[in-house]
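The values are calculated or read from the model by the stated rules, or taken from the named source; none is laboratory data. Keep in mind that this is a model prediction, so the values were computed, not measured. So basically every Cβ, Gly included, is an ideal-geometry build from the backbone, and we count neighbours across all protein chains shown. Note: areas computed on protein heavy atoms with side chains; ligands, DNA, RNA excluded. Shrake-Rupley method; radii C 1.70, N 1.55, O 1.52, S 1.80 Å.
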Amino acid sequence: IKKAPHEASYRIERSFLYGDLQAWDQALLDVDEAIRLTPRDPALFFHRAQFRLQQNKLGEAVDDFLQAIRFDPNFGQAHFRLGWLYYCLDADKETAAIEHLTRAIVLTRDHPVIRLHRAVAYMAQNKFALAMEDCHHVLIVEPDNAHAHGVLGRVLQCEEQFEEAIVACTRAIELGNEDAPVYLA
C-alpha cells in the first residue's frame, strides 16, 4: 500500500485480513478507501456491506447491496443478501424480498440455499404451495438437506398435512437439524 497508494486491490486484500481478525473498523476504513479509488466497483460495495453486517449496521448494509446491484444488476449474491435482509428486517418489503431472492436464484444457477431462503419467505407470506415447491426442488438436488426437510415439515404443518409434516421433521432431525421450530412442528 505504501508503494502503490492508488491501488485499490491492496486495500481490499488488507480489509479481508482485518475482517479475519474481526477488526471491523479497520476493515471498513480500507474498503472505504478502495471505494474512493474505484467508486464504480460493485464488489467493493458488496464487501463493505458484509463488514457492516458484522457490525449490525443493517440499514447501511442494505444501501451497499443496493449500490452493488446498481453497478451490476446481475450480481446474484448481492440480490440474495438484499432479499434476505428485506425479509428479516421489514414486513413491508416482503414482495421485494421475494423478487430479489428470485433474481438471485436465476443468476446463481438455482443455488439450493437461496431457494430454501425463498421458501421461508414464501411461508411467511402464507404462500405454502410455492414454499413447498421450493423445498421439493432443493430436496431433488440435495436429498439429505436437513434444513429443507425442516422447512418442508413446517410448511406441511401449516397446510394441516400432519402425518407428512411429522415424517419431514423426523427426517430433518435425523439429518442433524436440531432447530426448535422443527421439534415444534
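Restricting to the range 90-106, count the residues that are surrounded by fewer than 16 Cβ atoms within 10 Å (Cβ to Cβ), more than 15 Å from I69 (Cα to Cα) and not aliphatic (A, V, I, L, M).
The total comes to 3.
Applying the selection to the range 134-169, what residues are of a type outside the set (A, V, I, L, M, F, W, C), in a helix (DSSP H, G or I) and in contact (Cβ under 8 Å) with a residue 12 or more places away in the chain?
D134, H136, H137, H147, H149, G150, G153, R154, Q157
Quick check: is even one residue across the range 46-57 over 19 Å from Q77 (Cβ atoms), crowded, with 17+ Cβ neighbours inside 10 Å, at pLDDT 95 or above and in contact with a Phe, Trp or Tyr (Cβ under 9 Å, 6 or more places away or on another chain)?
The answer is no; no qualifying residue exists.
Out of all the residues in the range 1-32, which are more than 23 Å from the chain's Cα centre (by Cα), crowded, with 19+ Cβ neighbours inside 10 Å and over 22 Å from N74 (Cβ atoms)?
R11, D30
When you scan the range 151-161, how many residues do you find that are open to solvent by 50 Å² or more (accessible area, probe 1.4 Å) and either of a type in the set (G, A, S) or under 24 Å from I114 (Cβ atoms) (or both)?
Of the residues in that region, 4 qualify.
Just checking, how many residues over the range 1-50 are hydrophobic (A, V, I, L, M, F, W, C), outside any loop (DSSP other than H, G, I, E, B) and in contact with a helix residue (DSSP H, G or I) (Cβ under 6 Å, 6 or more places away or on another chain)?
Here the count works out to 13.
Matching residues to (1) surrounded by 15 or more Cβ atoms within 10 Å (Cβ to Cβ); (2) more than 26 Å from Y86 (Cα to Cα); (3) in contact with an Asp or Glu (Cβ under 8 Å, 6 or more places away or on another chain); (4) among the small types (G, A, S):
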{"position": "H149", "(1), (2), (3), (4)": "yes, no, no, no"}
{"position": "E163", "(1), (2), (3), (4)": "no, yes, no, no"}
{"position": "C169", "(1), (2), (3), (4)": "yes, yes, no, no"}
{"position": "E174", "(1), (2), (3), (4)": "no, yes, no, no"}
{"position": "A180", "(1), (2), (3), (4)": "no, no, no, yes"}
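Based on what the data block shows, is Y87 assigned to a helix (DSSP H, G or I), at pLDDT 95 or above, hydroxyl-bearing (S, T, Y) and open to solvent by less than 70 Å² (accessible area, probe 1.4 Å)? Give the steps one after another, and end with the answer.
Working: assigned to a helix (DSSP H, G or I): yes; at pLDDT 95 or above: no; hydroxyl-bearing (S, T, Y): yes; open to solvent by less than 70 Å² (accessible area, probe 1.4 Å): yes.
Criteria not met by Y87.
Please determine, by comparing only the residues of the range 116-126 that are part of a helix (DSSP H, G or I) and open to solvent by 30 Å² or more (accessible area, probe 1.4 Å), which one is farthest from N74 (Cα to Cα). Working first, answer last.
Step one: list which residues in the range 116-126 are part of a helix (DSSP H, G or I), which gives 116-124.
Okay, now just the ones that are also open to solvent by 30 Å² or more (accessible area, probe 1.4 Å), so 117, 124.
Values: H117: 19, A124: 26 Å.
Here the answer is A124.
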